[in-house]
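Novice: Mind having a look at this structure? Questions to follow.
Read the figures in this text as sums done on the coordinates, not as results from a lab. Since this is a predicted model, take the numbers as computed values, not measurements. Methodologically, a virtual Cβ is constructed for each residue, glycine included, from the backbone with ideal geometry; neighbour enumeration extends over all protein chains shown.
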């Protein structure tokens, strides 16, 4: 999958665009880590019951020059994409929106109406 500047997940109410104001230190402050090739990765398990270990994996990768990103929600193994807006509970969806709103507040992403 190529790096994109804007992403809309199936059946999501919003699209997300990488902010022009994103900074490397902001990514690190929001728990992204720098991988071996210099890209910034974030992964979080969206769980209905906290600390259950059961849920869907939110994974975001921002390229090292901060011009593009990848965004996906997969099963726990990370191998199969999942549409959480069709196949998951309201709690999972709220946790996704909460996490993305936190990134919007820190100017990592911009939130656009779909």
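Novice: Applying a 10 Å radius around every beta-carbon, put 13-24, 71-82, 100-111 in order of their mean neighbour count, most first. List each step's numbers first, then the result.
Specialist: Details: 13-24: 15.7, 71-82: 14.0, 100-111: 17.3.
Averaged packing, sorted descending, gives the order 100-111, 13-24, 71-82.
Novice: Provide the three semi-axes, in whole Å and in decreasing order, of the ellipsoid equivalent to segment 12-62 as defined by the square roots of 5 times the Cα gyration tensor eigenvalues.
Specialist: Whole-Å semi-axes of the equivalent ellipsoid: 23, 16, 10.
Novice: Could you tell me the calculated FRET efficiency between residue 67 and residue 97, based on Cβ-Cβ distance and R0 = 25 angstrom, to the nearest 0.05?
Specialist: 0.50
Novice: What angle do you read, to the nearest 10 degrees and between 0 and 90, between the alpha-carbon axis of helix 90-105 and the longest principal axis of the chain?
Specialist: So the inclination is approximately 10 degrees.
Novice: Figure the gain on full extension for residue 41 and residue 111 (residue separation times 0.36 nm, minus the Cα-Cα span) and round it to one decimal in nm.
Specialist: Working: separation 70, 0.36 × 70 = 25.20 nm, distance 1.95 nm.
Contour length minus the Cα-Cα distance gives 23.2 nm.
Novice: Let me ask something additional. So if I restrict to the alpha-carbon atoms in the chain, what is the Rg, and what is Dmax, the biggest pairwise distance, in Å?
Specialist: 13.5, 36
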